[in-house]
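All remarks here apply to the structure that follows.
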Amino acid sequence: MVPSRILSLSPAATDILARLGLGGLLIGITHECPVAEAVQGATIATVKRRTAVLAGLGGAPTLEEYLSPYVLAPNVLRQMQPDLIFTEGGTEWLVGGELERLASEEVGSPVQVVTLSAGSLADVAQLIRVVCSTVGREAAAEKFIKTYEAGFKKVAERMHWKIADAKPPVEVLVLADILPMTAGPGWLNELLGKARAVAHPDVRPGEYLTWQRLVEVNPDTILLTLHGKTPAETGQVLADLIQQPELRTLRAFKSKRIYLVDARNLFLPGPGLAETLEVLVDALHPEAYNNKHIGRGWSEFF
């Protein structure tokens, strides 16, 4: 049976459902989900992203902590009555159908729970297939994948003609969050390789960084893909960081190579990978697209 009441605790799933034209099935989304018109009828079901790691908590985690990396609004499951929940991580503590059983008990009726993850670009393709197959749109998944792969080729052709062969790859540290400071995911590091760039070799995907650690790695370029914020929103949040003394010692700061990107509508593991790649290239290699996406897909920190 195709679900009719979907709670998406995954921005990636929300993006895919909107592109499938199924935004009307979404009854709830996170505060970090894409802001496409197709999902504007959905209720915001989350309050904030968790900063605590389950393994470090005392006592048994709650269903909410198992279910999502977000803090949910009070009684959201009972009020929304979803029949399908897409989520990201946080469920590795429960095996088999235990999470679905607990969620179904909370809702009072059967609930399907689908956990998504993407550590690599290959994982992203699988994530797309899982979401599409769950809602009965298997064929759409392969179309999405073929489309972004074709987009990769177009970007590669553009770089071939616009970027000098002798230009060395740009070394980039991706920061996906600042509270806590978190390195970007592996799939985005792979995408950097397609943008004539390379992820900082001394930082692991998803690594938590202190300011001392950031000073130690001292990146040449920093890409801020902060969760669920447009460049303007990110700039407001980071305004006080300009006074951070450690920030001012970094090579990326001194050379003004800190960039903010629209991580709410782009930079998601899904069908928009080719658009994300083009924005990456535009920010890191201005000669390729002549700042085509500045102010929309990315902006300068300064």
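Read-outs throughout are calculated quantities, based only on the coordinates presented, and are distinct from any laboratory measurement. Model, not experiment: these values are computed from the prediction. A quick note on method: Cβ atoms are made from the backbone with ideal geometry, for glycine too, and the neighbour counts reach across all protein chains shown.
Pairs of lysines in the chain whose Cα atoms sit within less than 13 Å of one another amount to 5, provided the residues are eight or more positions apart or on different chains. In this simple spin-label approximation, residue 239 and residue 139 carry label points 7 Å from Cα along the Cα→Cβ vector, and these lie 5.1 nm apart.
Near residue 49, the amide H atoms lying under 5 Å from its own belong to 71; only residues 5 or more places off or on other chains count, and H is placed 1.01 Å from N.
Identify the residues of the range 14-50 with backbone N under 19 Å of a label point that sits 7 angstrom from the Cα of residue 147 along the Cα-to-Cβ direction, or state none. Answer for the range 14-50: 14-26, 34-40.
Comparing 40, 244, 81 in a Gaussian network model of the chain where C-alpha atoms under 10 Å apart are linked, the largest mean-square fluctuation is found at 244. Spatial offset of the range 258-302 relative to the range 192-219 amounts to 18 Å, using the alpha carbon center of each.
Using the Cβ-Cβ distance between residue 163 and residue 48 with R0 set to 51 Å, the FRET efficiency works out to roughly 0.80. Can you give me the long-range amide H partners of residue 10? Hydrogens built in the peptide plane at 1.01 Å from N, cutoff under 5 Å, separation of 5 or more residues or another chain. Answer set, sorted by chain and number: 30. All other residues whose Cβ lies under 12 angstrom from that of residue 83 are scored, Lys and Arg at +1 and Asp and Glu at -1, for a net of 0. With the cut-off at 1.5 for a/c, could you classify the range 164-300 from its C-alpha gyration tensor as rounded, prolate or oblate? Judged from the Cα gyration tensor, the range 164-300 comes out rounded (a/c under 1.5). 3J(HN,Hα) along the range 157-163: 5, 4, 5, 4, 8, 9, 10 Hz, from the Karplus curve 6.51 cos²θ - 1.76 cosθ + 1.60 with θ = phi - 60°, whole Hz, x for Gly and Pro.
So what's the projected area for the chain, the Cα convex hull averaged over all directions, in nm²?
If I average the Cα hull's projected area over directions, I get 16.0 nm².
In the chain, the longest principal axis of the Cα atoms and the axis of helix 98-107 are about 70 degrees apart.
A cut-off of 5 Å between modelled amide H atoms, ignoring neighbours fewer than 5 places along the same chain, links residue 197 with 170.
Here the peptides 247-253, 16-22, 262-268 are ranked by packing, the mean other Cβ count within 10 Å, and the order with the highest first is 262-268, 16-22, 247-253.
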